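What follows is a single structure, written as structure tokens, with notes after it.
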Amino acid sequence: MPVSRLTIRAGWVVPVDAEFRVTRDGEVVVEGDRIVPVGPAGDGQLGEGSLVHEPRRAVLPGFVNVHTHVVGSIFRGLTEDRDDPFYGFALPMEPLLTEEAAAAMSRVGVAEVLLGGCTAIHDMFHFPEGTARAALDLGVRAVVEHKVYDTDLPTIGTGERRQVPEEGERRLAQNVELYERWDGEGGGRVRVWFGAHAADTCSPRLLAQIAAEARSRGVSMHVHVAQSPEERDYMREREGVGSIEFLAAQGFLGPDVLAAHVTYATDEGVELLAETDTAVAHCPAILAKRGRSAPVGALYDAGVRVGWGTDWVSMDPWEMMRCGVTGARLRYGRTDVLSARDALWRATMGGAEALGMSADVGSLEPGKLADLILVDLDQPHLSPLLDPVATLVYNASRRDVTDVMVGGRF
């Protein structure tokens with residue numbers, strides 16, 4: 001159960017609020033599953049309740065990881081050095097995955113993200129019931145959906161791209177069942193959206209069916225968009241436009257859509273994302289491993305809601321932040337594209353905004369859910385602590401996270 005009343009006093013409190021305050025010797029007071037005051041130590045008038053005093057810790061909001069495949073850690077160490085890790089390796093292997101294996105790897109993946117400081121994830125993959133169960137059991141806040149498509153995925157690498165309409169209908173029916181069984185479980189900690197795998201693996205007919213099912217229930221949708229050169233070239237050949245433009249023509253953009261990657265977005269595509277208020281999940285670490293970068297500067301300049309995610313294989317939010325900064329700087333050749341504060345905001349509040357959860361999570365503010373982490377500052381690689389935000393973003397690791405609280409529960 002969540003704590004009745006707990007005061008967490010720490011050497012530093014970084015709430016990631018609108019003013020981006022950083023408080024030395026601060027505190028966060030939690031009642032039930034919500035935050036009450038946040039500020040200098042002693043402001044909360046301890047009174048009744050428990051006290052956790054950690055002068056060598058920093059308190060931050062938990063990371064909101066907007067794009068994960070927690071089962072995807074099964075490919076760890078097998079894909080990172082391959083020229084074609086996705087179409088040529090992972091997709092042909094995915095049909096071999098069993099429900100039991102997916103359930104086990106879901107628990108491994110959820111444990112990994114929690115231990116790294118992620119208090120909320122957004123996940124699309126096969127056998128999503130196992131991921132929902134792992135989230136419920138282990139304590140993370142999760143949005144899950146099924147991986148719905150009507151293209152035979154293993155045939156993509158061969159160039160055949162065989163269409164299987166009945167597969168799309170079957171998977172969409174499973175997403176409906178997932179919604180009816182799991183949405184709202186854990187007191188609302190587990191939510192269910194509808195997943196369209198990708199712009200190049202879903203037919204216009206299937207996209208319309210997915211949108212109808214989701215919008216009739218008032219829930220959002222997730223789709224991989226413009227994520228690879230193969231998708232980019234295929235969409236140009238088949239549709240004569242980019243993936244974002246194609247989805248716009250299908251009515252599959254809007255404030256209820258989260259588009260993952262958009263690595264090969266055109267200028268017109270960026271404008272469409274902004275005009276339709278479609279959110280974007282940017283995954284800088286996996287892009288860096290593949291030698292790619294996304295047009296994040298254009299997305300930010302256009303006012304697109306962009307949250308950051310870790311994607312698959314390695315789900316480390318600290319690596320994600322560093323790759324997010326360095327990737328943008330390498331693409332644009334400037335250091336002022338992104339700062340440490342920008343990175344921390346994208347990993348917390350930016351993710352919350354992309355998922356439509358910013359009223360409840362993403363920062364440490366009165367009234368919000370008590371989703372927070374404590375980080376051990378008593379480490380050589382975090383000394384001297386002249387600027388706690390920059391030092392943490394550029395030097396901390398997931399092994400420095402000592403405590404994770406979700407909804408007032410450690």
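The values are calculated or read from the model by the stated rules, or taken from the named source; none is laboratory data. Worth saying up front: this structure is predicted, and the values here are computed from it rather than measured. Cβ placement follows ideal geometry from the backbone for every residue including glycine, while neighbour counts extend to all protein chains displayed. All accessible areas refer to the heavy atoms of the entire protein, side chains included, with ligands and DNA or RNA removed. Shrake-Rupley method; radii C 1.70, N 1.55, O 1.52, S 1.80 Å.
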Name the one entry in ASP316, ASP387, ASP376 that is touching an Asp or Glu at 6+ places or on another chain (Cβ under 9 Å) and more than 26 Å from ALA90 (Cβ to Cβ).
-> ASP376
Could you count how many residues in the stretch 304-339 are more than 23 Å from ALA18 (Cβ to Cβ), open to solvent by 50 Å² or more (accessible area, probe 1.4 Å) and not in a helix (DSSP H, G or I)?
-> 3
Going by the conditions given, is ARG170 among the basic types (Lys, Arg) and within 28 Å of GLY407 (Cα to Cα)?
-> no
Scan of the stretch 220-241 for residues that are modelled with pLDDT of 95 or more and open to solvent by 20 Å² or more (accessible area, probe 1.4 Å), ordered by number = SER220
Just to be sure, is GLY254 of a type in the set (Gly, Ala, Ser) and open to solvent by 10 Å² or more (accessible area, probe 1.4 Å)?
-> no
Among the candidates GLY291, GLY269, residue that is surrounded by fewer than 16 Cβ atoms within 10 Å (Cβ to Cβ) and out of contact with any His (no Cβ under 8 Å at 6 or more places or on another chain) | GLY291
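Residues checked against (1) part of a loop (DSSP other than H, G, I, E, B); (2) in contact with a Ser or Thr (Cβ under 7 Å, 6 or more places away or on another chain):
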| residue | (1), (2) |
| --- | --- |
| GLY188 | yes, no |
| ARG191 | no, no |
| CYS202 | yes, no |
| ALA208 | no, no |
| ALA211 | no, no |
| ARG215 | no, no |
| HIS224 | no, no |
| GLN227 | yes, yes |
Restricting attention to the stretch 355-372, and to residues there that are among the aliphatic types (A, V, I, L, M) and in contact with a helix residue (DSSP H, G or I) (Cβ under 9 Å, 6 or more places away or on another chain), which single residue is nearest to LEU114 (Cα to Cα)?
-> VAL361
Test for VAL280: is it more than 11 Å from the chain's Cα centre (by Cα) and either open to solvent by less than 40 Å² (accessible area, probe 1.4 Å) or under 18 Å from GLU80 (Cα atoms) (or both) = no
How many residues are of a type in the set (Gly, Ala, Ser), surrounded by 23 or more Cβ atoms within 10 Å (Cβ to Cβ) and in a helix (DSSP H, G or I) if we restrict to the stretch 242-251?
-> 1
Counting only residues that are in contact with a helix residue (DSSP H, G or I) (Cβ under 8 Å, 6 or more places away or on another chain) and among the β-branched types (Val, Ile, Thr), which one in the stretch 373-405 is farthest from PRO55 (Cα to Cα)?
-> VAL393
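Considering only the stretch 254-309, state which residues are free of Cβ contacts under 8 Å to residues at least 24 places away in the same chain and farther than 19 Å from ALA347 by Cα.
GLU275, GLY291
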So, of the residues in the stretch 381-402 that are assigned to a loop (DSSP other than H, G, I, E, B) and touching a Leu at 6+ places or on another chain (Cβ under 7 Å), which turns out to be least open to solvent (accessible area, probe 1.4 Å)?
-> ALA396
Unmet requirement for TYR87, which otherwise passes all of (1) under 24 Å from ALA259 (Cα atoms); (2) within 21 Å of the chain's Cα centre (by Cα); (3) part of a helix (DSSP H, G or I); (4) of a type outside the set (D, E, K, R) = (2)
If you go through the stretch 340-380 one residue at a time, how many are open to solvent by 10 Å² or more (accessible area, probe 1.4 Å), among the small types (Gly, Ala, Ser) and under 18 Å from the mean Cα position of the chain (by Cα)?
-> 3
